[in-house]
Every structure is written in C-alpha cells, then in structure tokens.
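Derivation of every value follows stated rules applied to the coordinates shown; laboratory data play no part. Since this is a predicted model, take the numbers as computed values, not measurements. Note that each Cβ is placed from the backbone with ideal geometry, even for glycine, and that neighbours are counted across all protein chains shown.
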Amino acid sequence: MRVFLDANILFSASRNDSNLHRLVHILSKEGIVMTSVYVREETWRNLKRKRPTWEATFHNIMKIVALVPDYPLQEKVSLHVKDHPVLGAAIAARCDYLLTGDKRDFNHLYGKIIGGVTIIDYLTLARML
C-alpha cells in the first residue's frame, strides 16, 4: 500500500499523542508512506507558526515518510490550484491513496479515483486497516 500524506495529516501527526501520529506509524509498517517537498514545506511553515512545540515530532515523522518530487497535475479535476501539486505528486508517485483531512477542498473527491489514486479521509483508511 502506497499512501501519500497531505499537509493537514502531517501537521496533526506531529502531535506525539494523536491518533494520526499512531496511524502514520501503522501505515509505515503496512506499506510506504510518502509526501512531496511542497507538502513538507507547507507543513513546516504551519507548524512553526501555530505549533512550534510539535517540530521535533515532525522531524521524527519525516524519518519514516518517503519524500517524492513535486509534480504538476496533469488530470482535469475540479480542485483549488493550491492543491494541484499535492494530487499531482501523489499520482506521479503511483500512490494507491491520497490521505487528506481537507474537507473544504477535497470533500467532493473523497472515494473517487483520479489518475489511479483514491482520495480518502483518515477515518475511512483507519477502518480499512
């Protein structure tokens, strides 16, 4: 199983006692978890601004998350332009899933397969495991 992590997932997983922290560790044992440079940098900026005490855990999480190159979105899909690099990288990395909690921008895509990648929320993926 190849799972691409969106910034909101990495952000929440950076809280050491969170369920998402545990889920990312479980996923890393079940397959490959990855993210892109673009997502890593977005997560880092948000952590520094909102939760600087979580930075050490973020660095530890990134030790088990493969970093893939950024890639432009080639598919035609209704999605905010800021999220194009997220889906583009997940497709280029041939992920099975794009794990995101961003309901505002991805809600209409949950459960859909785009470029071979299923857009999924963390509760659905946790239930699947």
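Please find, among Glu55, Glu41, Glu30, the residue that is touching a residue at least 60 places away in the same chain (Cβ under 8 Å) and surrounded by fewer than 17 Cβ atoms within 10 Å (Cβ to Cβ).
Every option except Glu30 fails the conditions.
Select from the range 80-116 the residues that are among the small types (Gly, Ala, Ser) and part of a loop (DSSP other than H, G, I, E, B) and list them in ascending order.
Listed by number, the residues that qualify are Ala93, Gly101, Gly111, Gly115, Gly116.
Out of (1) of a type outside the set (Gly, Ala, Ser); (2) surrounded by 16 or more Cβ atoms within 10 Å (Cβ to Cβ); (3) in a helix (DSSP H, G or I), what's the single condition that is false for Lys48?
(2)
Quick one: in the range 117-129, which of the residues that are in contact (Cβ under 8 Å) with a residue 12 or more places away in the chain and either polar (S, T, N, Q) or not in a loop (DSSP other than H, G, I, E, B) (or both) is surrounded by the fewest Cβ atoms within 10 Å (Cβ to Cβ)?
Thr124
Can you tell me how many residues within the range 88-103 are buried (at least 24 other Cβ atoms within 10 Å of the Cβ) and within 12 Å of Ala7 (Cα to Cα)?
Residues that pass the stated criteria total 3.
When you scan the range 108-118, do you find a residue that is within 20 Å of Tyr38 (Cα to Cα), of a type in the set (A, V, I, L, M, F, W, C) and in contact with a Ser or Thr (Cβ under 9 Å, 6 or more places away or on another chain), even just one?
Taking every residue of the range 108-118 in turn, none turns out to be within 20 Å of Tyr38 (Cα to Cα), of a type in the set (A, V, I, L, M, F, W, C) and in contact with a Ser or Thr (Cβ under 9 Å, 6 or more places away or on another chain).
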